[in-house]
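Below is one structure, written out as structure tokens; comments come after it.
Bear in mind these aren't lab numbers, they're just calculated from the coordinates by the rules spelled out. Because the structure is predicted, anything quoted here is derived from the model rather than measured. Cβ placement follows ideal geometry from the backbone for every residue including glycine, while neighbour counts extend to all protein chains displayed.
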Amino acid sequence: MDYKTIIGETEYKFEEKKSIFIGYIKHIESEYEAKKFIDDIKTKHHEARHNVYAYVIGNDMLIQRYTDDGEPRGTAGIPIIELIKKRGLTDIIVVVTRYFGGILLGVGGLTRAYVNGASGVIDKAKIVDRVLGKEISIIVPYEIIGKLQYFFDVNKIHVDNVLYEEKVIFKVRIEKIIVNKLLSDITDLTSNNFDVEISDDVMYFKNEGRYFLNNEIQ
């Protein structure tokens with residue numbers, strides 16, 4: 001169920017034989033979001049000759065849409081969507097806007113230009129893993145704080161929050177596949193002197209060992 005996607009939105013601009021190409025990429029999770037982004041780009045660049053797009057949605061890449069938007073058939077949309085799949089990305093949309101400069105590029109030149117626009121903007125984007133995870137609350141007596149902090153440090157587990165109440169509550173986010181291993185290790189570490197609360201499954205963005213929800217990404 002894990003897959004690669006991007007966070008945020010990025011653009012990339014270049015000129016090819018007096019035509020201006022502007023590539024855009026954005027994380028999306030529905031066709032509604034994709035269509036809204038396309039409409040926004042078309043509104044922003046209403047004087048552009050072409051706004052070619054391609055998008056892929058779902059961890060299984062089941063939803064795939066593209067258009068050549070007036071360019072010769074097969075020269076723009078298909079090469080972009082094939083590039084997205086080759087990079088192993090999903091839940092993204094790429095739009096490449098073209099302001100025609102008066103010089104025809106030819107079929108091969110068009111394809112290279114649109115692939116360049118898509119490749120350039122993908123290269124600039126922040127690519128992250130999307131993983132199935134859980135938020136774990138580890139509840140321990142105060143005398144075990146040091147042991148647990150050391151355990152998290154050694155195992156490079158980021159602690160999202162610590163609450164000091166009647167007992168101490170460490171809140172961590174981890175991938176679902178390692179929950180049982182984590183709890184087994186903490187059982188051994190604390191001689192089973194802890195309580196635990198486990199959230200429902202959550203899809204996180206994983207970046208540099210930390211886990212984020214969509215609305216937490218800057």
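Annotations for the structure displayed:
- Using the average count of surrounding beta-carbon atoms within 10 Å as a protection proxy, the listed peptides 124-133, 198-207 rank, highest first, as 124-133, 198-207.
- Within the chain, helix-based [θ] at 222 nm, where runs of 4 or more DSSP H residues each add -39,500 (n - 2.57), nearest 500: -9500 deg cm²/dmol
- For segment 143-179 versus segment 45-120, the inter-centroid distance based on Cα atoms is 45 Å.
- Stokes-Einstein, applied to the Kirkwood radius of the chain over Cα pairs at a viscosity of 1.306 mPa s and 10 °C, places its translational diffusion at 80 µm² s⁻¹.
- Inter-site label distance for GLU47 and GLU9 at 7 Å from Cα along Cβ, in nm: 2.1
- Potential extension, ILE178-GLU166 segment - 0.36 nm per residue separation minus Cα distance: 1.5 nm
- Highest to lowest packing among 97-108, 43-54, scored as the average C-beta count within 10 Å: 43-54, 97-108
- Estimated inter-spin distance, ASP2 and ASN207, nm [label 7 Å along Cα→Cβ]: 1.8
- Counted charge near LEU104, where neighbours are those whose Cβ lies closer than 14 Å (Asp, Glu -1; Lys, Arg +1): +3
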